[in-house]
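Heads up, the thing below is written out as structure tokens.
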Amino acid sequence: MGFMATAESYVLAIGTKKGLWLARSTDRKEWSLSGPHFLMSEIPSIGIDTRDGRTRIMVGVRSEHWGPTVAHSDDLGATWTEPEQGAIKFPEGTDAALERIWQIHPDAESRPGVVWAGGEPISVWKSTDGGEHFELNRGLWDHPHRSEWGAGYGGAAAHSIVLDPSGEQVHVAMSTGGVYRSLDGGTSWEPRNKGISAYFMPDPNPEFGQCVHKIAADAAVGGRLYAQNHHGVYRTDDNGENWDSIAEGLPADFGFVMLTHPRRAGTAWVVPLKADGERIPPDGRLAVHRTDDAGNSWKRLDTGLPEHEYNSVLRDAASVDAAEPAGVYFGTRGGTVYASADEGETFTEVASHLPDVLCVRAAVVGDFAVSAPVPG
């Protein structure tokens, strides 16, 4: 028995309420599952960094006993490293303690080593050593609005970090607070929520305070972002100055997921839920919806998904990879994970009966030696 290498392989990291599972595949249809890693610890965030020719998996780990930190693996989960003093800690004098890491986001190819994180309480952090140590973004932490930001149903979350290629423009979305934009690399921040509804507030159109559930950038159109709100699906074409509804054609405008294509303009995916008071797929029928025209129309995608499903999909329990065609992945609060190798047209089951899925991240990781008979 020898080893034969394939040109491409894929890793899917699945963070749950009770640990991390890793899945590997050479075709995105058949998957081998390993785990659990960090058994009985919550894994609310994952980042997979494939820059500089390596694959580093970073996970936000939250232990009821030890608290939260970021651990990383450079060997696809065979071994893990955790900083002795913790990866993310509030500085002295801030009178705050980290509760949870909601987001781990590697920066652009041109800035290797730079990794961003979003935390609870609402905070943004930046690492320059590949996610091993992070510094608090003081511009957002010291913002005069911070005392008025609230907690969403799951906690006070800085859950979306979107960076433009230059690195100067950064968008952050938080529950609750809305979208904030920096034009100077994170030094100063201003709210950018015009057009996003906050129907649950006395003023339904405030400057800030919206419960934006997730934002993502269009990879091919500068200035265009998409948002899934607490009721409402939106697009901006001017870097957040104005947001317009693109919910028409969807069965519901509530949900948590917002994914965008890694290369193609106008393509995004959402997973609608019926309403904030009924957090199930509409009619108990789970489906992903994709737009290929920036939200002007939507296509329902449910081939391979169960006929009946009453579990929801959380904001980071969904991901796309950078392959061609792009892969789409998501997991439910019922512990089932699905993968599509054709941009959502058909899904296959990766795993089932896992704990509550909180976070899913997928990546193309290059050559993968698989055991196979080799002549001679």
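Read-outs: derived from the displayed coordinates by stated rules, not from any lab. Note that the coordinates shown come from a computational prediction; the quantities given were computed from them, not determined experimentally. Note that each Cβ is placed from the backbone with ideal geometry, even for glycine, and that neighbours are counted across all protein chains shown.
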Of the candidates 227, 275, 252, 287, the one satisfying the condition of being more than 22 Å from residue 303 (Cβ to Cβ), of a type in the set (A, V, I, L, M, F, W, C) and surrounded by fewer than 24 Cβ atoms within 10 Å (Cβ to Cβ) is 275
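Is it true that residue 358 is among the aliphatic types (A, V, I, L, M), farther than 20 Å from residue 231 by Cβ and either in a loop (DSSP other than H, G, I, E, B) or touching a strand residue (DSSP E or B) at 6+ places or on another chain (Cβ under 9 Å) (or both)? Explain how you work it out, then say what you get.
Values: among the aliphatic types (A, V, I, L, M): yes; farther than 20 Å from residue 231 by Cβ: yes; either in a loop (DSSP other than H, G, I, E, B) or touching a strand residue (DSSP E or B) at 6+ places or on another chain (Cβ under 9 Å) (or both): yes.
Taking the combined requirement at face value, the residue satisfies it.
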When you look at residue 62, is it crowded, with 18+ Cβ neighbours inside 10 Å, among the basic types (Lys, Arg) and under 24 Å from residue 141 (Cα atoms), yes or no? yes
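So if I check each of 336, 332, which one is more than 19 Å from residue 25 (Cβ to Cβ) and either among the polar types (S, T, N, Q) or within 14 Å of the chain's Cα centre (by Cα) (or both)? Outline the logic, then answer.
Details: 336 fails: more than 19 Å from residue 25 (Cβ to Cβ).
Answer to the check: 332.
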Need pairs with beta-carbon distance below 6 Å; first residue within 11 Å of residue 208 (Cβ to Cβ) and within region 133-151, second not in a loop (DSSP other than H, G, I, E, B); sequence gap 6+ or separate chains. 149/177
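Table: residues versus (1) of a type outside the set (Phe, Trp, Tyr); (2) part of a strand (DSSP E or B); (3) closer than 15 Å to residue 188 by Cα; (4) touching a Lys or Arg at 6+ places or on another chain (Cβ under 9 Å).
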site	(1), (2), (3), (4)
112	yes, no, no, yes
126	yes, yes, yes, no
131	yes, no, no, yes
139	yes, no, yes, no
147	yes, no, no, no
159	yes, yes, no, yes
162	yes, yes, no, no
165	yes, no, no, no
State whether the residues of region 110-127 include one that is in contact with a Leu (Cβ under 9 Å, 6 or more places away or on another chain), surrounded by 15 or more Cβ atoms within 10 Å (Cβ to Cβ), under 21 Å from residue 229 (Cβ atoms) and not acidic (Asp, Glu). yes
Between a first residue in region 339-366 that is without any contact (Cβ under 8 Å) to a residue 60 or more places away in the chain and a second residue that is buried (at least 22 other Cβ atoms within 10 Å of the Cβ) and among the polar types (S, T, N, Q), which pairs have beta carbons less than 7 Å apart while being 6 or more apart in sequence or on different chains? 346/340; 347/340
